[in-house]
1. Name every residue in the range 69-78 that is more than 19 Å from A178 (Cβ to Cβ) and open to solvent by 50 Å² or more (accessible area, probe 1.4 Å), in order of residue number.
2. Would you mind stating whether G53 is open to solvent by less than 50 Å² (accessible area, probe 1.4 Å), farther than 17 Å from A143 by Cβ, of a type in the set (G, A, S) and out of contact with any strand residue (DSSP E or B) (no Cβ under 6 Å at 6 or more places or on another chain)?
3. Can you name the condition, by its number, that K216 falls short on among (1) of a type in the set (K, R); (2) farther than 30 Å from Y16 by Cβ; (3) not in a loop (DSSP other than H, G, I, E, B)?
4. Give the residue, chosen from L97, L73, that is in contact with a Gly (Cβ under 6 Å, 6 or more places away or on another chain), modelled with pLDDT of 90 or more and within 23 Å of L169 (Cβ to Cβ).
5. Out of P10, P24, which single residue is without any contact (Cβ under 8 Å) to a residue 40 or more places away in the chain and open to solvent by less than 50 Å² (accessible area, probe 1.4 Å)?
6. Please go through the range 51-62 and pick out each residue that is assigned to a helix (DSSP H, G or I), modelled with pLDDT under 90, more than 14 Å from F117 (Cβ to Cβ) and not β-branched (V, I, T).
7. Across the range 54-89, what is the number of residues that are free of Cβ contacts under 8 Å to residues at least 40 places away in the same chain, among the hydrophobic types (A, V, I, L, M, F, W, C) and under 30 Å from M190 (Cα atoms)?
Amino acid sequence: LVFMLAVVVPMFEQVYVRMGGELPGLTRMVIAFSSAFPVFLFILGCLSLCLIGIKTIYGERDFFQKTTSRMLLKIPVAGTLIKKDHQARFCKLLYLLYSAGVPLLHSLELLAGIIRFYPFRRSFESICEGLKEGDLFADRLAAFPDIYDLKMVTLFRVGEETNCLDKVLLKQSEDITAELEHRLKQLGAMLEPALVVGIGFIVAFILIAMYLPIFKLGTTIH
């Protein structure tokens with residue numbers, strides 16, 4: 001598409017300028033967009049550089065991380081996938097540490113340095129404070145319903161009460177990973193044909209718009 005708008009459409013424009021005559025509205029629209037396309041790319045590049053600069057300068061500040069993480073989690077479909085991915089990592093890493101004999105409190109303190117996504121990192125700090133005060137692990141998780149599902153909290157409570165938390169963590173990591181893979185496959189199965197059809201439609205639209213004057217010229221001659 002970039003090649004068509006930056007190279008092919010201007011070639012057609014030069015031909016039609018030499019031919020003279022009034023062009024159809026659809027063709028003029030595509031030519032106008034093609035003329036403005038370099039400016040659009042320049043603006044897009046500047047915005048990208050600005051975002052990279054902001055991320056570099058403010059990326060480690062809590063306000064920035066809190067705001068961007070909220071925005072990410074609110075994105076339809078993608079937000080759920082991001083949350084599930086971090087849930088699976090949380091369960092898997094905590095299982096590896098806890099089953100290896102590392103105390104739960106110390107395991108969570110280690111996770112705070114591994115999983116850097118702001119909502120999870122902040123939750124680890126709060127959970128550690130609660131555990132130091134004698135609260136149950138599941139009760140502290142329940143304070144963050146936006147990142148820890150009710151089903152997960154309930155299973156952790158059962159595992160904690162029956163002294164089988166490591167088994168519950170392993171099962172949850174496997175289940176969430178399987179669910180995440182299934183959702184990604186579904187998303188890929190839907191996106192691939194949609195992207196192919198969408199790009200094909202845009203390409204066809206541009207080609208029709210650029211060949212339309214030739215079609216009209218042929219009709220006039222006939």
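1. R70, M71, L72, K74, I75, P76 - these are the residues of the range 69-78 that are more than 19 Å from A178 (Cβ to Cβ) and open to solvent by 50 Å² or more (accessible area, probe 1.4 Å).
2. When the stated conditions are applied, G53 passes them.
3. (2)
4. On the way: L97 fails: in contact with a Gly (Cβ under 6 Å, 6 or more places away or on another chain).
It is L73.
5. P10
6. K55, Y58
7. So the answer is 5.
Every residue, every condition in (1) closer than 30 Å to G159 by Cα; (2) open to solvent by 30 Å² or more (accessible area, probe 1.4 Å); (3) in a helix (DSSP H, G or I); (4) not β-branched (V, I, T), yes or no:
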position	(1), (2), (3), (4)
R28	no, yes, yes, yes
L49	no, yes, yes, yes
F64	no, yes, yes, yes
T80	yes, yes, yes, no
A88	yes, no, yes, yes
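The values are calculated or read from the model by the stated rules, or taken from the named source; none is laboratory data. Remember, it's a predicted structure, so these values are computed and weren't measured experimentally. So basically every Cβ, Gly included, is an ideal-geometry build from the backbone, and we count neighbours across all protein chains shown. Ligands, DNA and RNA are excluded from the accessible area calculation, which covers all protein heavy atoms including side chains. Shrake-Rupley method; radii C 1.70, N 1.55, O 1.52, S 1.80 Å.
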